[in-house]
Amino acid sequence: MREPLPFILLVQPPIRDFYLTAKRTVPYGLACIAAALRKAGFAAGIFDALANGKSRVVPIPEEMRYLLPHFGRHDLSPFSLFHHYRHYGCDFEAIGRAARASNAFLVGVSSLFTAYGEEALAAARAIKRFHPEAAVVLGGHHPTALPEAVMRCEAVDFVIRGEGEASLPLLAAALRFGKSLDGIPGLVPRGKAKIADSVLPAVMTDIDAYPPAAHDLIDLSYYRRGKKGSIVVTTSRGCPLKCSYCSVGGAFGNKYRRRSIGSVLEEIRSAASFQEVGFIDFEDENLSLDKSWFLDLLSGIRKLFGNAPPELRAMNGLYPPSLDAETIRAMREAGFKTLNLSLISTSRKCLERFGRADVREPLDHALDAAEALGMDAVTYLIAGAPFQEPEDALSDLLHLAYRNTLAGVSIFYPSPGSADFALCKTHALLPEPFSLYRSSAAPISHATSREESITLLRLGRVLNFMKALVRQEIPFSEATPFGGINPGAANDRQKAGRMLLGFFLSDGRLRGITREGEIYEHPVSRDLCLKFLDRLKIDRIR
Ligand code: B12
Ligand code: SF4
């Protein structure tokens, strides 16, 4: 009988926050690493702590208590933001037990987000407690950016900076066969934590030489959308753009590399061989930068699926200048129904700081082309960045009010490794601890205060609600002086929204409504709300 292959377990940890973008947490990076481990002669599995839809309310951490006035009360209106702070996914002990049961000699924990770095470390501690024989290695954006901080946790034996495929198989082989750890790219072993920042991150030089992600190890039943399977694919690594708020473009020597069309199609074909794929999300913002490459990819996908194409999306947001009418038509024909687009800002000053182009004109062309083809659109903008005035983001929101797109307001968060992270550090703007590096904590209070950031997020909700009413041809409620509640409003989200909108249009105060029908005021910047109402041309909303 043949010996079983040595086993490595890869873990996506739970997270704690006010919300989770469920179904988008596909552990794609781990599936890529698992494929590389298999190619190197190991067996690999993924324990995805998030793939169970479970969540429980946990106490809001001390450092986030300043958010209580904003999120402390339940609100069932369409303008609600967040309420309970939750633990999403299984308990840490369950991860420890799974590691024990797997008998893995090496366990890799993914730590993509600095804000949830503590959850990744708690997972590492549980693994060490239940399965002390296994070596524990952490990888992902957070340990790549801040390796020394991660190595301070005694349960972490190694950090790998950079792309796991290029390094974890080498670490696994060294540990398994007692070889030297020298020369393993991106590897920070315990004794070298102090010089971690000088260890260059691992990079896949020839990305086509790596096998397609092991989609078979992803919990397909959890991530399916409707009755069909849903997959994530990335067609490139790094990014040719260098937005100041992002740690992907060029940070850590992470040069832009695009995969060949053959390798992307091969990955989709292999994922479709064991499930009916009904949805593909391309997580690259630069998917459409090279027009002819993109058109070839779309035509390859059409050939692959014939008359039953899956829905295609690029949910991270595409760059409008890369989308002309011909490209959008080809996208529609290949299965795109919605365009996710990045506007970021309309202010020249902000765009210069962000290192982004003014995309208003190409955005309009893209939205027109999408509308002509019956496609929906969501357009993203940033609020609350350092040196960004609240009026800047307000103008961006109003810019989108009259366009056929929903507005996606993203509150700025510092991403270690990005230029803005360095800027925040220089100006002593970084909050402590790391758990605050998330949008829901409105982390930066600078040119835009926290309250103003949260106000802008709520105004985005108000605007999208009005857009939904326009779309359904439901007349707006008149501006109504604040008074008693409509019967039934507390049980009907849309009715509640229309009532509260009427009050807002009358006095510029943003209110919420509890299940019991109690109406209360949200703490927001009244100045911003009044400016919004003053400048908004209601009859032009689309
Ligand atoms: C998809 C995505 C998401 C998904 C979730 C993905 C998941 N698995 O859970 C969603 C949309 C939910 C999401 C949400 C957020 N995201 Co996000 N997201 C991404 C995105 C666009 C792509 C990730 C990806 O799939 N990449 C492709 C795969 C192949 O790469 P990878 O996952 O990074 O894995 C590689 C390496 O990191 C490494 N690696 C990863 N794990 C491990 C483990 C081991 C052991 C080893 C050795 C190596 C290793 O090797 C992998 C293979 O090369 C990245 C940006 C980017 N381009 O990477 C941002 C990014 C990861 N997100 C980020 C952030 C901050 C967030 C938010 C917290 C922002 C917010 N709103 O506050 C939210 C959380 C919202 C919530 N509560 O739901 C930041 C993280 C930066 C940081 N240091 O914190 C990124 C880098 C964007 C950025 N530049 O700012 N995100
Ligand atoms: S925000 Fe998007 S386009 Fe800008 S550098 Fe990051 S990945 Fe590239």
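The values are calculated or read from the model by the stated rules, or taken from the named source; none is laboratory data. Everything numeric here is computed off the predicted structure, so don't read it as measured data. We place every Cβ from the backbone using ideal geometry, glycine too, and count neighbours over all the protein chains shown.
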Out of the residues in segment 234-272 meeting the condition of being more than 13 Å from ligand 1 (Cβ to nearest atom) and closer than 30 Å to Arg438 by Cα, tell me which one is modelled with the highest pLDDT. Arg258
Is there a residue in segment 12-33 that is away from ligand 1 (no atom under 12 Å from the Cβ), modelled with pLDDT of 95 or more and within 30 Å of Val524 (Cα to Cα)? no
Listed residues Glu521, Glu432; which is among the acidic types (Asp, Glu) and under 27 Å from the mean Cα position of the chain (by Cα)? Glu432
Note on segment 118-142: residues surrounded by 24 or more Cβ atoms within 10 Å (Cβ to Cβ) and near ligand 1 (Cβ under 8 Å from one of its atoms) are Val137, Leu138, Gly139, Gly140, His142
If Arg65 satisfies all but one of (1) over 30 Å from Val137 (Cβ atoms); (2) touching a residue at least 40 places away in the same chain (Cβ under 8 Å), what's the number of the condition it fails? (2)
Which one is farthest from ligand 1 (Cβ to nearest atom), of the residues in segment 350-393 that are surrounded by fewer than 23 Cβ atoms within 10 Å (Cβ to Cβ) and either of a type in the set (Gly, Ala, Ser) or at positive phi (or both)? Ala372
Going through segment 18-41 one residue at a time, which ones are polar (S, T, N, Q) and either surrounded by fewer than 18 Cβ atoms within 10 Å (Cβ to Cβ) or part of a strand (DSSP E or B) (or both)? Thr21
Which of the residues that make up segment 443-461 are under 14 Å from Glu389 (Cα atoms) and either in the same structural domain as His70 (by TED's automatic domain parsing) or not acidic (Asp, Glu) (or both)? Ile444, Ser445, His446, Ala447, Thr448, Ser449, Arg450, Ser453, Ile454, Thr455, Leu456
Show me the helices (runs of 4 or more DSSP H) entirely contained within segment 208-307 in which 3 or more residues are more than 16 Å from ligand 2 (Cβ to nearest atom) and closer than 30 Å to Gly89 by Cβ. 220-223, 261-272
I'm told Lys194 meets every condition in (1) surrounded by fewer than 19 Cβ atoms within 10 Å (Cβ to Cβ); (2) not assigned by TED's automatic domain parsing to the domain that holds Ala98 except one. Can you identify the failing condition by its number? (2)
Which residues, taken from segment 254-308, are hydroxyl-bearing (Ser, Thr, Tyr), surrounded by 15 or more Cβ atoms within 10 Å (Cβ to Cβ) and either closer than 18 Å to Gly335 by Cβ or touching a Lys or Arg at 6+ places or on another chain (Cβ under 8 Å) (or both)? Tyr256, Ser288
Which of the residues spanning segment 433-450 are closer than 19 Å to Phe82 by Cα, more than 8 Å from ligand 1 (Cβ to nearest atom) and either assigned to a loop (DSSP other than H, G, I, E, B) or of a type in the set (S, T, N, Q) (or both)? Ser435, Ala442, Pro443, Ile444, Ser449
Do we find a residue being within 23 Å of the chain's Cα centre (by Cα) and more than 16 Å from ligand 2 (Cβ to nearest atom) anywhere in segment 342-360? yes
Of all the residues that make up segment 157-185, how many are in a loop (DSSP other than H, G, I, E, B), away from ligand 2 (no atom under 16 Å from the Cβ) and either among the polar types (S, T, N, Q) or touching a residue at least 40 places away in the same chain (Cβ under 8 Å) (or both)? 3
Residue, surrounded by the most Cβ atoms within 10 Å (Cβ to Cβ), within segment 57-98, restricted to residues that are under 21 Å from the mean Cα position of the chain (by Cα) and more than 23 Å from Gly460 (Cα to Cα): Gly89
Provide a single number: the residues in segment 229-253 that are out of contact with any Lys or Arg (no Cβ under 9 Å at 6 or more places or on another chain) and small (Gly, Ala, Ser). 3
Counted residues, segment 487-512 - those being touching a residue at least 40 places away in the same chain (Cβ under 8 Å), closer than 17 Å to Asn464 by Cα and assigned to a helix (DSSP H, G or I): 6
